[in-house]
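Structure first, commentary second.
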Amino acid sequence: MCGRFIITSPPAAVRQIFGYLEQPNFPPRHNIAPTQPIPVVIVENGIRHFRLMRWGLLPAWVKDPRKFTLLINARSETAAEKPAFKNAIRRRRCLIPADGYYEWQAAEKCKRPHFIHRRDGQPMGLAGLAETWTGPNGEELDTVAIVTAPASADLAVLHHRVPVTIAPADFARWLDCRDDSAEGVMALLVAPQEGEFVWHEVSTRVNRVANDDAQLILPITAEERAAEAPKPAKKATPRKPVPAASDDGQGSLF
């Protein structure tokens with residue numbers, strides 16, 4: 001799955017890779033979380049555009065967002081049939097620029113976060129599905145979900161699913177929704193090839209959304225790991241016996 005990611009490349013470099021019209025100036029983000037606005041690249045009227053969308057897709061038919069499950073990921077195997085995604089995968093495919101993402105590996109007593117990125121250090125385009133939700137008063141909210149696929153053998157040691165990354169050579173193909181069909185792009189919805197990505201364990205500081213700094217993606221040190229290890233449970237202190245009550249209701253000391 002994908003529940004946190006980063007974008008740290010300079011805006012000019014991201015624009016050059018993804019080829020959108022606008023020239024946005026955005027700060028590096030080291031801990032992007034669901035419900036936050038995220039950069040999205042989408043084609044409108046034949047031109048690539050940069051947009052900010054809320055991470056967490058809301059289908060157009062939802063009446064009350066407060067009663068609807070937050071959809072941050074869409075499974076590649078079922079996206080074309082699921083009511084929440086079937087229109088978006090045909091008509092509103094998009095790319096989400098990223099420089100890496102986090103995954104939590106189940107350990108003996110806790111889950112340990114890991115930072116995952118391309119071996120060559122290049123930015124990547126995550127496959128996204130976009131939807132504009134319109135409220136009862138005419139308000140509009142652009143939302144997006146990240147497509148995931150079964151993990152390749154190497155990444156499966158961390159989690160059984162991974163975000164789908166679209167190769168730059170396939171950007172145009174993925175973004176082109178003119179035929180109102182997803183048949184031509186389903187073959188792109190696969191995990192990265194083995195060895196394409198590398199990872200390392202990081203501090204549990206990333207667990208807190210409020211933490212957003214470059215230290216989050218650094219490999220954890222032995223000292224940090226020891227400090228973050230679950231503390232052993234304290235042994236219960238034996239309770240002293242309660243003195244038996246005498247006939248007059250006062251505690252007996254003998």
With a 1.4 Å probe and all protein chains kept in place, how much accessible area does Thr165 have, in Å² rounded to the nearest 10?
30
Counted charge near Gln105, where neighbours are those whose Cβ lies closer than 12 Å (Asp, Glu -1; Lys, Arg +1):
-1
Between Val157 and Glu139, what length in nm is gained on full extension when 0.36 nm per residue of separation is reduced by their alpha carbon distance?
2.2 nm
GluC sites (Glu not before Pro) within the stretch 18-112: which are DSSP loop residues with at most 14 other Cβ atoms inside 10 Å?
Glu22, Glu77, Glu81, Glu108
Which residues among the stretch 110-153 fall inside the zone where the amide N is under 19 Å from a point 7 Å beyond the Cα of Gln193, along Cα→Cβ?
117-127, 149-153
Need the C-alpha centroid separation for the stretch 1-64 versus the stretch 168-229, integer Å.
14
Of the accessible area of the chain, with the probe set at 1.4 angstrom, what percent is carbon plus sulfur?
54
Dipole check, the stretch 102-218, charges on Cβ (K,R +1; D,E -1), about Cα centroid: among Thr134, His200, Gly121 the Cα furthest to the positive pole belongs to His200
Which of the listed residues, Val43, Val14, Thr78, is farthest toward the dipole's positive end in the stretch 3-96, when Lys, Arg count +1 and Asp, Glu count -1 at the beta-carbon?
Thr78
Arg208 to Arg75: extension gain in nm, 0.36 nm per residue of separation minus the Cα-Cα distance?
45.3 nm
Mind putting a number on the dipole of the chain about its Cα centre? Charges go on the C-beta only, +1 for Lys and Arg and -1 for Asp and Glu, and I need it in Debye to the nearest 20.
500
Using DSSP loop states and a limit of at most 11 other Cβ atoms within 10 Å to flag trypsin sites (Lys or Arg not before Pro), what is the longest stretch of the chain containing no flagged site?
1-62
For Trp133, Trp61, write out the residues from largest to smallest accessible area, computed with a 1.4 angstrom probe and no ligands counted.
Trp61, Trp133
Summing -39500 (n - 2.57) over the DSSP H runs of n ≥ 4 in the chain and dividing by its residue number, what mean residue ellipticity at 222 nm do you reach, to the nearest 500 deg cm²/dmol?
-2500 deg cm²/dmol
For the chain, please report how many Lys pairs fall under 21 Å Cα to Cα, leaving out neighbours fewer than 8 apart on the same chain.
8
Sort Cys177, Cys2 from largest to smallest accessible area, using a 1.4 Å probe on the heavy atoms of the protein chains.
Cys177, Cys2
Here the residues of the stretch 113-135 lying in the modelled label zone of Lys63, meaning backbone nitrogen under 19 Å from a point 7 Å along Cα-to-Cβ, are 133-135
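The values are calculated or read from the model by the stated rules, or taken from the named source; none is laboratory data. None of the values given here were measured: they were computed from a predicted structure. We place every Cβ from the backbone using ideal geometry, glycine too, and count neighbours over all the protein chains shown. Heavy atoms of the whole protein, side chains included, go into the accessibility calculation; ligands, DNA and RNA do not. Shrake-Rupley method; radii C 1.70, N 1.55, O 1.52, S 1.80 Å.
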